[in-house]
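First comes the structure, then the notes that go with it.
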Amino acid sequence: MKPHAVGSACHRVQMELDEALATGTLALPAELALHADGCPRCGPEYRDTEALLSRLRGAAAGIELGPVPQAVDKVLDQITREAAPRVFSMVEASAGSPGAQHRQKQVRTRWILGQVAAVAAVLLIAVGGIGYAILKVNEAVSGVSPGDVLAKFASPFRFTDTAKIEKAK
Amino acid sequence: MLLSETARREAFTTLFSQMSPRLYRTALGMLGNPHDASDALQEAGLKAYRYFDKLQQEEAGPAWLTRILINACYDQGRRRSRTTPIGLEVEQEEAGGLPAETDWELVQALQTLPEEQRTTVVLRFFQDLTVPQIAAVMNVPDGTVKSRLHAALSRMRGQLMQSRREGVQ
Ligand SMILES: [Zn+2]
């Protein structure tokens, strides 16, 4: 098809149609719309563009949304399940199913036991460290090694054992 | 911790529930069938919840969620192209009877477009975004959006004109 003469009505319609394809909005000035309606050269392209744009807008509105609620529910169920181990809320536990409550209880018990074990380990390490430090200070002041102090501390128990052995003999 | 976790979940639930019809329409336009669209919507929802902390401003939520959905659609499309020859699935579904209100001819015409052009058209008409909004979602200049939209709509106009002519014959 021959290109439209620059500045002619057909050319101006063509420019407007190009802009409509680039933006998705067709708004011909009234006099150009009147021209395009009756013009055999630019009219068909104008009508096809207008039909396509209105069909695209209509297609979005006509889409069946049937699967949406189910998909949304699945997502919300999943994130509630994922969040459960992180949230130890009795309110949520009472709202859930018996199985979910049982799982939450198990998770909570494991979490509490883990915390207790961690605190016990820290205390043990701290007591050991402090005791050793005291023995080292004592060694520096009195010259008695930590081994000797421990031997002296344990001697009453050893004496008892020896006495029992002697008695048994 | 409990409060912020609950508040986080509530904020996400509100955003996702409000956006889900628009997101599903977008996914359907991108993927061409309800089953894949529903899967993409779910995948996007779960991914969005995992990264919900990274969303700085509430008002950026819709664009952010749309971007996640688009990526989920790309992933879904790639998985599908590895397992199903293009076109086969659509024919099978049409035989099974898809909901009548949806303009399937137009949705299938969209599937013939290159990925970026299809995304642009879908965001423009199925989410009713403006050119600058699409540019922000796709992280490209406005001019790129316009040229993609122009190329896509010209092609669709040609296809639909041809199918109408074939229908008349
Ligand atoms: Zn004309």
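The values are calculated or read from the model by the stated rules, or taken from the named source; none is laboratory data. None of these values were measured; they are calculated from a predicted model. Positions of Cβ are generated from backbone atoms using ideal geometry, with glycine treated the same way; all protein chains shown enter the neighbour counts. The area values use the complete protein model at the heavy-atom level, side chains included, leaving out ligands, DNA and RNA. Shrake-Rupley method; radii C 1.70, N 1.55, O 1.52, S 1.80 Å.
Worth pointing out:
- With DNA, RNA and ligands ignored, accessible area of B:TYR74 (1.4 Å probe; Å², nearest 10): 30
- Per-residue mean of foreign Cβ neighbours for A:48-61 is 6 (Cβ atoms of other chains, 10 Å radius).
- With coordinates expressed along the principal axes, the C-alpha atoms belonging to chain B extend over 67, 39, 30 Å, beginning with the largest.
- Extension gain for A:LEU124 to A:ARG57 (0.36 nm times residue separation, less C-alpha to C-alpha distance): 17.0 nm.
- Residue-averaged 222 nm ellipticity for chain B, from DSSP H runs of 4+ at -39500 (n - 2.57), nearest 500: -26500 deg cm²/dmol
- Segment A:8-79: relative contact order as a whole-number percent, Cα under 8 Å and 6+ apart: 27
- Three principal axis lengths of segment B:1-84 [C-alpha, angstrom, descending]: 45, 20, 18
- Sequence-separation-based contact order of segment B:99-169, relative, with Cα cut under 8 Å and 6+ spacing, percent: 31
- Taken residue by residue and averaged, Cβ atoms of other chains lying within 10 Å of the Cβ of B:150-157 number 5.
- Packing, taken as the mean count of other beta carbons within 10 Å per residue, orders the peptides B:101-109, B:117-125 from highest to lowest as B:117-125, B:101-109.
- Buried accessible area, chains B and A (both chains, 1.4 Å probe, Å² to nearest 100): 3800
- Note on segment A:9-62: the C-alpha convex hull projects to 3.6 nm² when averaged across all orientations.
- Charged side chains reduced to their Cβ positions (Lys and Arg at +1, Asp and Glu at -1) give chain B a dipole of some 480 debye around its Cα centre.
- Residues listed by number, segment A:120-134, amide nitrogen under 17 Å from A:VAL141 label point at 7 Å toward C-beta: A:130-134
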